[in-house]
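A short worksheet on the structure shown next.
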Amino acid sequence: MNKFAIHAFCLVKNEGDIIRHCLTEARRWADYIYVLDNGSSDNTWDEVLAIADDHVIPWKRHDMPFQESLRAEIFDAFRGKARPGDWWCQLDGDEFYTLHDPRAFLAGLPRKVHAVSSIYVQYYLTRDDLVSIDFSLPIELILPQIRHYKADHCEPKWFRHRNRLRWQMDQGRPSHLGVMARRQMLMRHYKYRSPEQIQRRLDTRRQARARGFSGWECNATDETWQDKVVSDQATLHYDRADGNIIVEQGIAASHIEPLHRRVFKAAMHNLGVWA
């Protein structure tokens with residue numbers, strides 16, 4: 001395998017129930033995880049500090065109005081630790097790479113590939129879950145009981161380090177991210193994991209919108225955790241814990257650019273026109 005380091009950057013807010021489990025699992029494949037807490041009002045920062053070591057690095061906490069571009073601050077602060085060929089990962093506090101080994105996946109990519117998309121395997125609570133799951137249990141015991149999912153979204157989450165790579169402070173991703181891999185990683189995403197957590201998530205996101213963030217429109221209308229509980233399980237797939245995940249039609253190919261665009265990107269990077 002090629003030798004490279006993986007640098008994960010984690011922007012979190014009010015993920016105290018899950019952040020320690022997320023970072024512990026990510027330490028299995030990430031060499032460094034840089035954490036920025038954007039004004040948590042729960043125990044998120046304490047949980048990060050509790051497992052800090054040479055791999056998990058609590059960088060700082062502040063309370064800025066949320067924007068996707070806040071991650072650029074982390075990249076700018078730690079880019080000096082990365083070498084050409086290393087990989088960066090946008091890791092959120094409720095994401096788990098347990099369906100793919102990221103290090104093996106990245107090592108198998110050709111050098112001409114600069115970025116990788118992740119498919120979100122998004123888990124949902126159902127009405128039956130509310131009856132069968134004891135939400136007072138530790139999160140690592142709760143998550144395996146949340147089995148209903150839909151893999152219906154993907155976005156770039158990984159990019160290869162280049163010394164000339166630039167990430168503007170008003171952008172959600174670096175400029176000229178590069179040629180996207182045809183293959184995608186599967187990533188388990190537990191955005192809904194208990195009634196209390198769902199309510200905290202909705203409240204946190206409404207506050208972000210009130211402070212100027214223009215995204216998360218769905219959280220502007222959903223006011224209570226009950227709005228996020230799925231009543232019809234037939235609309236979802238069931239995870240049998242055998243590694244077989246059903247990806248919604250069209251998602252696996254949605255990130256692939258036309259051939260002429262891929263060739264143009266590769267040429268611009270090879271010639272050094274783009275960083």
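Charge dipole of region 132-185 (Cα centre as origin; +1 on each Lys and Arg Cβ, -1 on each Asp and Glu Cβ, all else neutral): 580 debye, rounded to the nearest 20.
Per-residue ellipticity at 222 nm from helix content only, as computed over the chain with -39500 (n - 2.57) for each DSSP H run of at least four residues, stands at -7000 deg cm²/dmol. Label-to-label distance, GLN249 versus SER136, with points set 7 angstrom from Cα along the beta-carbon direction: 4.6 nm. Taking other C-beta atoms within 10 Å as the exposure proxy, ILE51, ILE142 rank ILE51, ILE142 from fewest upward. Taking other Cβ atoms within 10 Å as a rough exposure proxy, ASP222, ASP227 sort from fewest to most as ASP227, ASP222. Taking the square roots of 5 times each eigenvalue of the Cα gyration tensor of region 1-154, largest first, gives ellipsoid semi-axes of 27, 21, 14 Å. When the Cα positions of ALA77, THR24, ALA50 are compared along the charge dipole of region 6-270, ALA77 comes out farthest toward the positive end, with charges on each C-beta of Lys, Arg, Asp and Glu.
Between ASP242 and HIS62, the contour length at 0.36 nm per residue exceeds the alpha carbon distance by 60.7 nm. Of the options [x] 59, 40, 36; [y] 45, 42, 36; [z] 74, 72, 30, only one is Cα extents along the principal axes in Å as computed from these coordinates, and that is [x]. A Gaussian network model of the chain, with springs between Cα atoms under 10 Å, assigns the largest mean-square fluctuation among SER132, SER118, SER69 to SER132. Across the options ASN163, MET187, LEU36, the greatest Cα extent toward the positive end of the charge dipole of the chain (unit charges at beta carbon of Lys, Arg, Asp, Glu) belongs to ASN163. The calculated FRET efficiency for ALA107 paired with SER214, based on their beta-carbon distance and R0 = 35 Å, is about 0.40. Pairs exceeding 30 Å between alpha-carbon atoms, taken from LYS112/LYS228; LYS157/LYS228; LYS3/LYS150; LYS13/LYS157; LYS60/LYS112: LYS112/LYS228; LYS3/LYS150; LYS60/LYS112.
In this simple spin-label approximation, ASP42 and HIS55 carry label points 7 Å from Cα along the Cα→Cβ vector, and these lie 2.4 nm apart. Each of ASP232 and ASP152 was given a label point 7 Å from its Cα along the Cα-to-Cβ line. The distance between the two points is 1.1 nm.
Values in this text are rule-based calculations from the coordinates and carry no lab data. Just so we're clear, the structure is a prediction, and the values are computed from it rather than from any experiment. Here Cβ is always computed from backbone atoms with ideal geometry, including for glycine, and neighbour counts include all displayed protein chains.
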